[in-house]
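Data block below; observations after.
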Amino acid sequence: MFKPLKGPRQARPFAPWRIVVWLVMLLAAVGFVINAAGIVAAAGAIRSISAEAIAAGTPDPRVFLAWSVGNTLGAFVVMVVALGTLRWREWGRSAMRIAAGVLAVWAIVTAVIAFQQWQAIGVELGQGGLEPEQLLRDVKLRSILVVGIVLKAVSVPVLAWLGWTLGRVSVRQQFAQPAL
């Protein structure tokens, strides 16, 4: 009956925080795919390992399955929140602030755990007498842990900045504008 009145389209200014949100969404998508593959692998392991083998000390694949399911769901939630933020939804902005804080804390916790593992491998390497393949495996694992620790150390201030930026008045006002 009546056409809705629309105001003039206002261009939003360049927002560097959107780049960070894109990166968070892309990394969450990678985590989603990796953990979904982990679910499939854990399901296959559950079918192939007997209860006697688990009782004898074989790691229980149900624990791995639970972690994979939890990480897959978490990655999916982060993707949805990031997409809502990129689509200029107010709920996405406020949820992304929370997600950035949770991800920063998670990065700190896992970096501490990785650092402890790095130290333990260093002690093992310092003892000597390792077989060449074990030595090679430990050196490679230690290098991977260092890269992970450095990436997490970089991600913590970036995620803290993202959470702070999304709470600033100038950014909140941009979300108050109608989404196009």
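Would you confirm, using the coordinates I've provided, whether SER170 is exposed (fewer than 12 other Cβ atoms within 10 Å of the Cβ), small (Gly, Ala, Ser) and assigned to a helix (DSSP H, G or I)?
Values: exposed (fewer than 12 other Cβ atoms within 10 Å of the Cβ): yes; small (Gly, Ala, Ser): yes; assigned to a helix (DSSP H, G or I): yes.
Judged against the criteria, SER170 is a match.
Picking from LEU166, LEU83, LEU162, which residue would you name as being touching a residue at least 24 places away in the same chain (Cβ under 8 Å), closer than 21 Å to TRP17 by Cα and in the same structural domain as VAL24 (by TED's automatic domain parsing)?
On inspection, the qualifying residue turns out to be LEU83.
What residue, of ALA29, ALA75, ALA95, ALA36, is assigned by TED's automatic domain parsing to the domain that holds VAL169, in a helix (DSSP H, G or I), at pLDDT 95 or above and over 19 Å from VAL154 (Cα atoms)? Quick ask: steps written out before the conclusion?
Numbers: ALA29 fails: assigned by TED's automatic domain parsing to the domain that holds VAL169; ALA75 fails: assigned by TED's automatic domain parsing to the domain that holds VAL169; ALA36 fails: assigned by TED's automatic domain parsing to the domain that holds VAL169.
Matching residue, one of ALA29, ALA75, ALA95, ALA36: ALA95.
When the range 78-92 is examined, which residues are found to be of a type outside the set (A, V, I, L, M, F, W, C) and in a helix (DSSP H, G or I)?
Passing the criteria: GLY84, THR85, GLU90, GLY92.
Can you tell me which residue among ALA176, ALA120, ALA153 is touching a residue at least 60 places away in the same chain (Cβ under 8 Å), loosely packed, with under 15 Cβ neighbours inside 10 Å and on the phi < 0 side of the Ramachandran plot? Walk me through it before giving the result.
On the way: ALA120 fails: touching a residue at least 60 places away in the same chain (Cβ under 8 Å); ALA153 fails: touching a residue at least 60 places away in the same chain (Cβ under 8 Å).
Exactly one of ALA176, ALA120, ALA153 is touching a residue at least 60 places away in the same chain (Cβ under 8 Å), loosely packed, with under 15 Cβ neighbours inside 10 Å and on the phi < 0 side of the Ramachandran plot, namely ALA176.
Whether any residue in the range 61-70 is out of contact with any strand residue (DSSP E or B) (no Cβ under 7 Å at 6 or more places or on another chain) and not in a helix (DSSP H, G or I) is what I want to check.
There is no residue in the range 61-70 that is out of contact with any strand residue (DSSP E or B) (no Cβ under 7 Å at 6 or more places or on another chain) and not in a helix (DSSP H, G or I).
Report the residue count in the range 19-65 for those that are under 17 Å from the mean Cα position of the chain (by Cα) and not hydrophobic (A, V, I, L, M, F, W, C).
Count: 3.
Yes or no, residue by residue, for (1) at pLDDT below 95; (2) assigned to a helix (DSSP H, G or I):
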{"residue": "GLY101", "(1), (2)": "no, yes"}
{"residue": "THR110", "(1), (2)": "no, yes"}
{"residue": "GLN116", "(1), (2)": "no, yes"}
{"residue": "ILE121", "(1), (2)": "yes, yes"}
{"residue": "LEU125", "(1), (2)": "yes, yes"}
{"residue": "LEU130", "(1), (2)": "yes, no"}
{"residue": "VAL147", "(1), (2)": "no, yes"}
{"residue": "VAL150", "(1), (2)": "no, yes"}
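Could you list, in sequence order, the residues of the range 42-52 that are of a type outside the set (D, E, K, R) and either farther than 17 Å from TRP67 by Cα or without any contact (Cβ under 8 Å) to a residue 12 or more places away in the chain (or both)?
Listed by number, the residues that qualify are GLY44, SER48, ILE49, SER50, ALA51.
The values are calculated or read from the model by the stated rules, or taken from the named source; none is laboratory data. Since the structure is predicted, the reported quantities are computational estimates derived from the model, not experimental observations. All Cβ positions, glycine included, derive from the backbone under ideal geometry; neighbour counts span all protein chains shown.
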